[in-house]
Every structure is written in C-alpha cells, then in structure tokens.
1. State, to one decimal in nm², a quarter of the convex hull surface area for the C-alpha atoms of segment 1-153, i.e. the direction-averaged projected area.
2. On a C-alpha basis, how far is the centre of segment 230-290 from the centre of segment 303-317 in Å? Whole number, if you could?
3. Using C-alpha positions alone, give me the convex hull volume of segment 64-209 per residue in cubic angstrom.
4. To test your reading of the geometry: what angle, between 0 and 90 degrees and rounded to tens, separates the Cα axis of helix 158-169 from the longest principal axis of the chain?
5. I'd like the projected area of segment 102-156, averaged over all directions, using the convex hull of its alpha carbons. Report it in nm² with one decimal.
6. Most mobile of 169, 312, 156 per a Gaussian network model of the chain (Cα springs, under 10 Å)?
7. How big is the chain by Rg and Dmax over its Cα atoms, in Å?
8. How far, in nm, would the chain grow between residue 169 and residue 43 when pulled straight, counting 0.36 nm per residue and subtracting the alpha carbon separation?
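The values are calculated or read from the model by the stated rules, or taken from the named source; none is laboratory data. Computed from a predicted structure; not experimentally measured. So basically every Cβ, Gly included, is an ideal-geometry build from the backbone, and we count neighbours across all protein chains shown. Ligands, DNA and RNA are stripped out before the accessible areas are found, and what is left, the full protein with its side chains, is counted by its heavy atoms. Shrake-Rupley method; radii C 1.70, N 1.55, O 1.52, S 1.80 Å.
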Amino acid sequence: MTTYKAIKLIKRPEPGPVSPDIFEVTEKELPKAGSGEILIKQRQMSLDPAMFGWMSPDTESYIPPVELNTVMRSSGVGEVVESNHPDFEVGDRVMGMMGWQEYALSDGKGINKVQADVPDETVLSVFALPGLTATQGLLNVGKPKNGETLVVTGAAGSVGSIVGQIAKAEGLTVIGVVGSEEKANWIVDELGFDGAINYKTDDLRDQLTKLTPDGVDLYFENTGGPIQDLVVERMNAHGRVVVCGMIADYDKEVPSPGPSWVPVIKKRLTIQGFTMPDHFDQIPTLLQQLTPYVMSGKIKHRSHILEGLESAIEGLNMFFTGDNKGKLIVKL
C-alpha cells in the first residue's frame, strides 16, 4: 500500500445536524517515519461529543479548534508499524490522538502504550477518553461519598455509564437520565443503577421526586436540557454539580438558558466545569484509579461499531438522535 485515506475538515458546521459537505475525503501518500517518529496503523477510531466543540470556530474554548483543511481530530487505537523512536517498537499497541485517518505519523507525544490485555473496543470504550473523563469528573471533581445520591445525565452514554458504575462501586445511590426505555432498562438491569428517568416520556419532576426521596448530593451533567432545573431544585445543601457536557445545545445557535442562581445560593452549591485536555498529563494516575474497577468486573460497557473511515461523517449525528447504543467507534 502506498496511499491511505484521511478526512479533512474543510468548513465550519452550521447549527443543526452535521452536513457531509464540511468534510473532504482524501488520498494521501503513505509517509515514512523520520528521526524520533513512529508510524501507526490505526485500527479503531473513537467518535465523541467533544468533536462538536473542536469543529467550531471558538478560539476561546478549552482547546484550539481543528484548523480548516487539516485532518479531523480524534483519538484511536492502533499498532506501530514503523519506529525510529526509542520508546516504541514495531508491534506495540498504542492509543492517543490520531485523527480521522487510516495511518498516523507521530513524534510520540500524547501516544500511550496499551498495557491491559483487552480488546481494542474496550480500550476505546473504557480506558480511553470515556473512562478517563468519568474518573476525573466523578472521583477528582465530584468527590463522591458513600451513602450520597447521584444523578447523571446521558447515563447510557460512554461517559455517563461509567460514572454511574464507579459511583455504585463507591456506595452511592445512582439515578440515570436517558432517552429511551431500552436504555433505561440497560442501565438498571445490566449496570445496576438504582433508577432511570426517560426524559422523552416520563413526567420529569414526578419521577425525579420519587427516585430521590433524600434529595440529590451530586449531579454529573453530560447533556443539558429541561432536567437541569429540576435536578438543581432537588439538590441538598452543599451539593456538587460536575459539568462535563451539553450535547443538547451543541447544535443550537443560541444555547438554552441554564438553571436559576437562587437555589445555588440557598443551597450553597458548588458548580465546576472540567475538560480532559487540562488533565492529559495525569493520564497514568487516572488509569491507576480506573483500572481496579475494570479488572474487578465493576465496569461493563457496550460499543456501537461503524464500519469504514467514511462512516464517521454520518455517525456524528447519532449523538443528536440517540440512535447509538453504546460507545461510538469506527472500525478501520
């Protein structure tokens, strides 16, 4: 093989579903690894809600936007096929930011060897961005305590499902907010959540009141939407809100208004947003925190696999429709 496929971002997305014409599929010459470089054959590629922020022109965000006419940003898992780097050998399985392309040339920065003997899908579903985000957000930002009540939105998603399972392992009562009965059944029957709220069909206030008789101590926010106001109203004094994502607003020109500040004052709530690029240097420590939960069987996951690089383009819109069941992964 002398060429490989890559997908470039060539236009900024408009509000609403992602249009295929913002991307360009290209053929590139297969490079050789230079001094201090490695060439990686990417096997599986992650699709994440954070990509909507990465594609926007917002230069004040937590990470610079993807430059136009460059390969779209993403994380993945693959195999080193050529190495002139002292820390990597041919055959090493690695994960890191590789982009929407079949091969990635790297100087090794941000690329980590995969130590766990688990399938590629598990690497991307648990040990990559979803698990790292859940670990940092819940354990290090939220600081859960045994006996507390947690509400997590996007609870059947790649991050929310891990957040809920770690919280259960730490002795919390966990209520998940999801968008279908199938997802509600999955998080309760398979993952062990204490209750589920289907925001599309349930009376949100009534269900939240029934499922949180002792109020809410910790709120892990992945989606936004009308549930926000109701959860904040139910929170106990000195509760904590961890703001990880706002998928309900990513396709809107004007974001929805947030909860009232009145209960924030009355209940002395702590609200903290966080993003993983601030913590990339802590990945080894985060993996040490996460791995025991996984290896002891306390973390289950499911993956939604798309076939072929170009499936990523339409795959992004599954985040808005909720059609995916599990971590969205592109198999190359």
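1. On the way: hull surface 46.9 nm².
Dividing the Cα hull surface by four gives the mean projection, 11.7 nm².
2. 28
3. 164
4. Once rounded, the angle reads 50 degrees.
5. 6.2
6. In this elastic network of the chain, the residue with the biggest mean-square fluctuation among 169, 312, 156 is 169.
7. That works out to 20.1, 64 Å for Rg and Dmax.
8. 42.2 nm
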